[in-house]
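Input: a single structure, listed below in C-alpha cells.
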Amino acid sequence: MKLASMIAAVALAAASAGAADAAVTTYTSSAAFNAALASFTPTVENFSSGSAGQTIASGGSFNGNTYTTSGNPSLDGTIITNQFNSFTGLSLGGNQSGSAQFFFSGDHVTVTFAAPVFAVGAFFNVNADSGNFGVTVGGDTASADSATYDTSTFVFAGLVSDTSFNSATFFSSDGGAGTASFNIPEIISVAAGVPEPASWAMMLMGFGGLGAVLRRRRPPAVTATA
C-alpha cells in the first residue's frame, strides 16, 4: 500500500471511530460547565442584538443560527421578548398564536449552528418546581429539574462532547401537567476544533501503527565489500 493511501486510511478510521464512540459529559451547573471549558472561547447568544417583538419564523435565522420549532399547535416560530427575566432584558420565547411570548410545556426549539460545535448549554427561565428542562444532541440529553435554580430564576442544562455536532434541541417536560413553560435568556456554544480530541487520539494511535509497518518494510542494510 502506498504511503499516501495508508495515511488516508488512518485518518478515515480515526474520524469514523470518533463518531461512533463519542463521549459526552452532561451538566446542570453553569459554573461546572464553564469551568470545563475554561481554556476555550465560547460564543454567547443572549439575543441583545435583536429587538423586542422581533419574530423568527420556524426555519429562520438569527445571527447565523437557524431556529426550528415543534410542539403545540399554537407555536408559530420564536420571538425575541422583553417580557420575562433575562440577562440583557431580552430572551428567546415561543411565538404563540394567542400572543403569548414563551414556550409552552412540550414545545421544542432546535438550533442549527452556523458551524459545528462540541459544547452547548442554555439557561431556562422557569417557574419553581414546574418540570424538567434540557437539551438533546443526537441520543444524548442533559436535563435539569426546577427544584432549585442555578442562578436568578434560571435553571441550566448543557453538554460537552468529544466529537462535533451541528444542532441541539431545547425542550421541557412535566409529565402532562402543563406547567413547564420557559424562555431562553442565553445559549452558550463552543466551536469545534480540527481535529477533535477523539480524532487526535485515534490518529496518534494510527500513525504509531503506520510507523511500525514502515519499519517492518524497511529493506535490509547492504554492507559494502572490498
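Cα centroids of region 134-184 and region 50-64: 21 Å apart. Label-to-label distance, ASP129 versus ASN63, with points set 7 angstrom from Cα along the beta-carbon direction: 3.5 nm. Each peptide in 179-185, 26-32 gets a packing score, the mean of other Cβ atoms within 10 Å over its residues, and the list from highest to lowest is 179-185, 26-32.
Each reported figure results from applying straightforward, stated rules to the coordinates on display, with no laboratory input. Everything numeric here is computed off the predicted structure, so don't read it as measured data. Positions of Cβ are generated from backbone atoms using ideal geometry, with glycine treated the same way; all protein chains shown enter the neighbour counts.
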